[in-house]
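Student: Pasting in a structure now, in structure tokens, and then I'll have a few things to ask.
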Amino acid sequence: MKTLKMLLFLLSPLLLGVCSTAQGQRKGILAEYPELRNPVVAQRGTVADADSALSGPQIIVVCSQTKARAVDAIIQWPGQLRSFEQLRLDVSFYKQGFSNNRYAILWPMEKNKKARVVDQKMERSRELSAGLELTVLDMARGDAGQGATLKLEGLDPGKTYFWRVLRKGQRDWQSSEIIRIEAPTCPVDFIEKQ
């Protein structure tokens, strides 16, 4: 018994070091991208591209065509975007989520990129972050006949979401107005095999 206690006593600093190293390997999104800490400045209804002023985005939520009971979001701009590089998407299902750091950030916007929650406690708790783990399915900058689009998956059916689109400035992020959208409930009309 004494030998076991002595062994645990001698190995405890090593075990604690391994545990803290494993936790430290997953940096929060704010540590990984320090520019996300820049202040957010609210703008009225528009997010401007470097070449042209675009009116605010329209967000449509629909039942997925490929996954049962899943909800997709389609964000559309009425004009073309030069690129998605300077844009960021914030999403929360808390009414005051943006002021309380209870939201997820999708930045940089790239295909197959997953949104990440800001609050480390939310990141560790599946119950708090479920429905904020959105993934970019498709993105198009638009052409002469169509506006730019961004398609996301991973919304929880029936939840209310609050969205804002931001454009990176030199020292801050310019934000669109906050858009409130309720995700539909997507029933399935077939019997699933167990």
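The values are calculated or read from the model by the stated rules, or taken from the named source; none is laboratory data. Everything quoted here is computed from the prediction, not taken from an experiment. Cβ sites come from the backbone with ideal geometry, for glycine too, and all protein chains shown count toward neighbours.
Student: With the condition kept exactly as written, say whether any residue in the stretch 156-175 is closer than 20 Å to LYS95 by Cα and without any contact (Cβ under 8 Å) to a residue 60 or more places away in the chain.
Tutor: Yes; the residues of the stretch 156-175 include at least one that is closer than 20 Å to LYS95 by Cα and without any contact (Cβ under 8 Å) to a residue 60 or more places away in the chain.
Student: Sticking with this one: Please report, ordered by residue number, the strands (runs of 3 or more DSSP E) entirely within the stretch 1-103 with at least 1 residues that are modelled with pLDDT under 50 and among the small types (Gly, Ala, Ser).
Tutor: Result: 46-48, 53-55.
Student: Residue under question is TRP163, and the condition is that it be aromatic (Phe, Trp, Tyr), under 18 Å from ILE74 (Cβ atoms) and out of contact with any Gly (no Cβ under 8 Å at 6 or more places or on another chain); does it hold?
Tutor: Considered against the rule, which asks whether it is aromatic (Phe, Trp, Tyr), under 18 Å from ILE74 (Cβ atoms) and out of contact with any Gly (no Cβ under 8 Å at 6 or more places or on another chain), TRP163 comes out as yes.
Student: Exactly one of these conditions fails for PRO157: (1) in contact with a Ser or Thr (Cβ under 7 Å, 6 or more places away or on another chain); (2) in a strand (DSSP E or B). Give me its number.
Tutor: The single condition PRO157 does not satisfy is (2).
Student: Would you point out the residue of the stretch 133-155, among those that are touching a Gly at 6+ places or on another chain (Cβ under 6 Å) and farther than 17 Å from ARG116 by Cβ, that is surrounded by the fewest Cβ atoms within 10 Å (Cβ to Cβ)?
Tutor: GLY147
Student: Please go through the stretch 58-102 and give me each residue that is surrounded by 20 or more Cβ atoms within 10 Å (Cβ to Cβ) and either without any contact (Cβ under 8 Å) to a residue 40 or more places away in the chain or of a type in the set (Gly, Ala, Ser) (or both), ordered by number.
Tutor: Scanning the stretch 58-102 gives ALA73, SER92, GLY97, ARG102.
Student: Please state which one of ARG180, ARG167 is surrounded by fewer than 17 Cβ atoms within 10 Å (Cβ to Cβ), touching a Ser or Thr at 6+ places or on another chain (Cβ under 9 Å) and either acidic (Asp, Glu) or not in a loop (DSSP other than H, G, I, E, B) (or both).
Tutor: Result of the check over ARG180, ARG167: ARG180.
Student: In the stretch 133-153, what residues are assigned to a strand (DSSP E or B) and free of Cβ contacts under 8 Å to residues at least 24 places away in the same chain?
Tutor: Listed by number, the residues that qualify are THR135, ALA140.
Student: Look at the stretch 113-132 and say how many of its residues are surrounded by fewer than 17 Cβ atoms within 10 Å (Cβ to Cβ) and either in contact with a strand residue (DSSP E or B) (Cβ under 6 Å, 6 or more places away or on another chain) or assigned to a loop (DSSP other than H, G, I, E, B) (or both).
Tutor: 4
Student: Also, quick follow-up: Just checking, how many residues over the stretch 114-139 are among the basic types (Lys, Arg) and more than 9 Å from the chain's Cα centre (by Cα)?
Tutor: The qualifying residues number 3.
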